[in-house]
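Readers should treat all values here as calculations from the given coordinates under stated rules, not as data from a laboratory. Given the structure is predicted, the values throughout are model-derived calculations rather than measurements. So basically every Cβ, Gly included, is an ideal-geometry build from the backbone, and we count neighbours across all protein chains shown.
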Amino acid sequence: MSEIKQDAAATNGNMAEEKDWAAAKAAFENLKSNKPRPPKPQYAVTIAVSSRALFNMVAERKIFQEDGMETYVAHQQEHESEPLKEGVAFPFVKALMNVNARLRKLYPDSEELFDIVLMTNNHAQVGVRLINSINHYDLSIERFCMTGGQSPIGYLKAYMTNLYLSTDSEKVTRAIDEGIAAATMFTQSTDTELSSTQLRVAFDGDAVLFSDESEVIVKQHGLDSFFEHEKQFENKPLAQGPLKCFLEALGKLQRKFYAKNERLDCPIRTYLVTARSAASSGARVLKTLRSWGLEIDEALFLAGAPKGPLLQKIRPHIFFDDQMFHIEGAKELGTISAHVPYGIGQKYHKGKLIEQPPKKE
């Protein structure tokens, strides 16, 4: 009889425990918050940003390089109540948040939003200062990846990253090699007032949105061969480049505004800023975009003219290019620029072949 009572007591205990779990889950799910929850990664456009791109950590980086990890971590802990200064990616992140706010008004239940992930090799002990800085600026960043000195690149796919931004060119190159859209960000030489209501993204064409197929012809055989090649293959779409998927993600969110009759008031605007000539080689570019089912809001064909002055008028939150020559010219005139280390252009500077170090046997 005592065994029966013990079994009954155990059964009652298990039932009570299950009820407690159900009640706790229901209470958690019913919690109300004014702070929007991050979207599920499978629906979101995920932007991974390094801590040194989001915040200006030049002084802190110097401490790390000169005095080592322990002194660096101690410094960050001592100053964790002091918010870090805004970094080069900060305006871009704020613009992403503004787009999210507009999307939430139009589609309250939709999770097709930008999701910003802080991706850093900082030690977790530095995390408190990063969190305090994010809260100070009221940034909607809930997902962190802090790898304690190890490279975070291996986590990018697990976070379903659509775009990775960093100030570390080696990490960006590794991300590109992993098939992830990525770029190295550079601080502009002068500050420029940016739109607070519209996210503006400018792309170079070859070796950014498209493959470097045509760029190879230019570098190896000259412009005349390039023009002949583009005319011959005008109706053959170019292969995709490393940032095609990001333009595609932007287009997906743009169409959500178009569906609500807000095309003219869309908070996302895209630009193609290319050194190509429109008459000689522009048709293939536009036909390629059409074949992909993608739109670009403005297409600027410069026929070799400098990009900086045009970008100065556009004032994008970010400009992507594969050639440092164009990056340097853009940032000197106040454009936030991001280098995409992809394609044959990495072997040249200002049209001249860069001397490559001898291969180790």
Query raised in the report: Only one of (1) closer than 25 Å to His75 by Cα; (2) part of a helix (DSSP H, G or I) fails for Glu170. Which number is that?
Result: (1)
Query - Residues of segment 187-242 classified as touching a residue at least 60 places away in the same chain (Cβ under 8 Å), closer than 23 Å to Glu298 by Cβ and part of a helix (DSSP H, G or I), total - result: 2
Query raised in the report: Looking at Leu294, is it among the aliphatic types (A, V, I, L, M) and either within 22 Å of the chain's Cα centre (by Cα) or loosely packed, with under 15 Cβ neighbours inside 10 Å (or both)?
Result: yes
Query - In segment 35-62, residue surrounded by the most Cβ atoms within 10 Å (Cβ to Cβ) [restricted to those that are of a type in the set (Gly, Ala, Ser) and outside any strand (DSSP E or B)] - result: Ala53
Query raised in the report: Of the numbered conditions (1) touching a helix residue (DSSP H, G or I) at 6+ places or on another chain (Cβ under 6 Å); (2) within 13 Å of Val201 (Cα to Cα), Gly308 satisfies every one except a single condition; which is it?
Result: (2)
**Report entry** Scan of segment 260-300 for residues that are under 16 Å from Val201 (Cα atoms) and aromatic (Phe, Trp, Tyr), ordered by number
**Finding:** Tyr271
Query - Within segment 122-152, tally of residues that are aliphatic (A, V, I, L, M) and either touching a Cys at 6+ places or on another chain (Cβ under 7 Å) or assigned to a helix (DSSP H, G or I) (or both) - result: 6
Report task. State which residue pairs qualify: first residue over 22 Å from Val128 (Cβ atoms) and inside segment 84-111, second residue in a helix (DSSP H, G or I) and of a type in the set (Gly, Ala, Ser) in any location, beta carbons under 7 Å apart, and separation of 6 or more residues or different chains. Result -> Val88/Ala53
Query raised in the report: assigned to a loop (DSSP other than H, G, I, E, B), out of contact with any Ser or Thr (no Cβ under 6 Å at 6 or more places or on another chain), surrounded by 22 or more Cβ atoms within 10 Å (Cβ to Cβ) and in contact (Cβ under 8 Å) with a residue 24 or more places away in the chain - does that describe any residue in segment 153-165?
Result: yes
Report summary line: Of those in segment 249-265 that are out of contact with any strand residue (DSSP E or B) (no Cβ under 9 Å at 6 or more places or on another chain) and touching a residue at least 40 places away in the same chain (Cβ under 8 Å), the residue farthest from Tyr43 (Cα to Cα) is Glu262
Query raised in the report: For segment 38-81, which residues satisfy the criterion of being of a type in the set (Lys, Arg) and touching a helix residue (DSSP H, G or I) at 6+ places or on another chain (Cβ under 9 Å)?
Result: Arg52, Arg61
Report summary line: Within segment 243-272, of all residues that are polar (S, T, N, Q) and not in a loop (DSSP other than H, G, I, E, B), the one farthest from Met97 (Cα to Cα) is Thr270
Report task. State whether one or more residues within segment 280-287 are among the charged types (D, E, K, R), surrounded by 20 or more Cβ atoms within 10 Å (Cβ to Cβ) and in contact with a Lys or Arg (Cβ under 9 Å, 6 or more places away or on another chain). Result -> yes
